[in-house]
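Notes follow once the structure below has been shown.
The values are calculated or read from the model by the stated rules, or taken from the named source; none is laboratory data. Computed from a predicted structure; not experimentally measured. Every residue, glycine among them, receives a Cβ derived from its backbone with ideal geometry; neighbour counts consider all protein chains shown. The area values use the complete protein model at the heavy-atom level, side chains included, leaving out ligands, DNA and RNA. Shrake-Rupley method; radii C 1.70, N 1.55, O 1.52, S 1.80 Å.
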Amino acid sequence: RTLAEFLVMLDDYEPLIPNEVTDYYLQRVGFECEDVRLKRLLSLAAQKFVSDIAADAYQHARIRTNAVGGRARGPLTGPGSKDKTRTALTMDDLSAALAEYGINAKKPEFYL
């Protein structure tokens with residue numbers, strides 16, 4: 001598909017990031033554009049970026065818990081609960097995922 005066809009498809013698409021939030025940050029960096037479709041395209045790109053980082057952080061957490069042997073937990077409570085384990089994302093997992101994109105998100109040494 002061409003970019004023009006894709007932009008036409010964005011007319012009816014509502015991204016997860018609200019238009020007001022996108023407008024605010026675009027205004028802060030000095031981006032001026034009245035085309036709502038282009039703003040939605042940028043919002044969709046930001047949504048994809050955050051989604052990729054979250055998926056990578058989740059994979060790092062799964063690798064970490066499997067390397068440690070995982071924690072045995074009892075059955076979860078609530079409706080439809082089965083014997084599952086939960087994966088907790090830590091700042092180390094997020095930092096490792098962000099490092100793949102060239103972003104340094106480690107805590108300063110004095111917080112350690």
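Assorted remarks:
- Residues of the range 10-35 satisfying the condition of being in contact (Cβ under 8 Å) with a residue 24 or more places away in the chain, among the hydrophobic types (A, V, I, L, M, F, W, C) and over 30 Å from Ser95 (Cβ atoms): Leu10
- Among residues of the range 14-70 being at pLDDT below 90, closer than 30 Å to Thr87 by Cβ and part of a loop (DSSP other than H, G, I, E, B), the one that is least open to solvent (accessible area, probe 1.4 Å) is Pro15.
Let's see how each residue does on (1) open to solvent by less than 100 Å² (accessible area, probe 1.4 Å); (2) among the hydroxyl-bearing types (Ser, Thr, Tyr); (3) touching a His at 6+ places or on another chain (Cβ under 8 Å); (4) at pLDDT 85 or above:
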| position | (1), (2), (3), (4) |
| --- | --- |
| Thr85 | yes, yes, no, no |
| Glu100 | no, no, no, yes |
| Glu109 | no, no, no, no |
| Leu112 | no, no, no, no |
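- Hits in the range 50-66 (condition: over 13 Å from the mean Cα position of the chain (by Cα) and among the charged types (D, E, K, R)): Arg62, Arg64
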